[in-house]
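Worksheet for the structure shown next.
The values are calculated or read from the model by the stated rules, or taken from the named source; none is laboratory data. Keep in mind it's a predicted model, so treat the numbers as computed, not measured. Every residue, glycine as well, gets a Cβ built from its backbone with ideal geometry; the counts of neighbours run over all protein chains shown.
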Amino acid sequence: MRSPAAVGYDGARVGQGSCGKGDGTWARSGRGARRVNNLVFTALVGASSLVAGFLGSLTGLGGGVVIVPLLALAFGVDVRYAIGASLISVIATSSGAAAAFVKEGFSNIRIGMFLEIATTLGAIVGASLAAVLSTSVIAVVFGLVLVYSAFLSSRPRDEVAPAAAQDPLAALLRFDGAFPGPAGPRPYKVQRVPAGFGLMAVAGGLSGLLGIGSGAVKVLAMDHTMRIPFKVSTTTSNFMIGVTAAASAGVYLSRGYIDPGLAMPVMLGVLAGSTVGARVLVGARTVVLRRVFALVILVLAVEMIYNGFSGRL
């Protein structure tokens with residue numbers, strides 16, 4: 001594969017042409033571009049990924065919503081290779097955090113394993129579509145998802161969903177549970193399981209197509225549709241996204257869209273950033289952070305949509 005040293009870099013975009021057809025060329029090069037060596041390129045990507053992971057962990061949407069457009073817009077990396085690198089980082093961050101959340105009693109394993117059927121199938125379909133769709137189409141879809149993510153990120157969320165009647169399917173599958181609270185376990189009841197299952201298939205498809213954790217759609221499915229408390233839904237989602245990303249990454253790897261030279265700094269940066277962000281989140285003013293993050297990804301959304309329609313990606 002072409003190394004970062006062979007890639008032209010002009011400080012804002014790597015070039016004008018398009019590649020990424022599984023031939024090992026994951027960035028674009030153009031006239032007037034100056035070259036950087038492997039160390040500088042890796043350091044730049046790693047630092048950017050650290051910031052992306054930090055911002056993503058503060059909102060629960062994950063670093064993928066920042067790192068993919070950042071790699072495509074600022075570094076000129078082909079969208080498919082940016083997605084492949086992002087999927088590797090999603091697997092790493094999910095694996096690290098999921099164990100802690102399960103141990104603390106927040107994640108609902110039964111719900112996670114059931115919904116994983118939908119997300120995994122959706123992820124395989126989405127990853128397969130990414131190989132045949134043009135990068136411009138992927139960029140526009142990504143931008144629209146970012147707009148919705150910005151909207152959700154700016155909205156306040158209830159920690160505990162209001163009480164509701166028993167759902168027969170949830171009772172049959174024993175999905176109802178409780179999570180730790182300051183005054184002891186806090187029970188909750190799961191609602192509208194079929195609708196949540198369908199939305200999770202959509203979330204998996206977007207994860208495979210765009211290389212993100214699909215936090216926006218999973219929030220819609222688990223928080224708003226299934227009425228699962230925020231802490232339970234986010235921790236259960238974190239438990240799920242590693243498996244979803246692994247299913248997608250297998251398709252990307254088989255088509256040559258995962259380059260270790262790009263995936264390594266992205267994975268390490270996002271992993272470090274998400275770890276720091278998780279610690280800062282405890283004492284941070286989340287309302288302000290969510291609004292700032294919403295503004296950032298809204299700007300990225302406009303850029304992705306514009307560049308997608310203009311054919312620059």
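Of note:
- Options Ala131, Ala92, Ala170, Ala98; residue that is at pLDDT below 85 and more than 30 Å from Leu295 (Cα to Cα): Ala131
- If only residues of region 101-123 that are assigned to a helix (DSSP H, G or I) and at pLDDT below 85 are counted, the one that is surrounded by the fewest Cβ atoms within 10 Å (Cβ to Cβ) is Lys103.
- Only one of Ser248, Ser237, Ser233 that is farther than 16 Å from Phe114 by Cα, of a type in the set (Gly, Ala, Ser) and either in a helix (DSSP H, G or I) or in contact (Cβ under 8 Å) with a residue 24 or more places away in the chain (or both): Ser248
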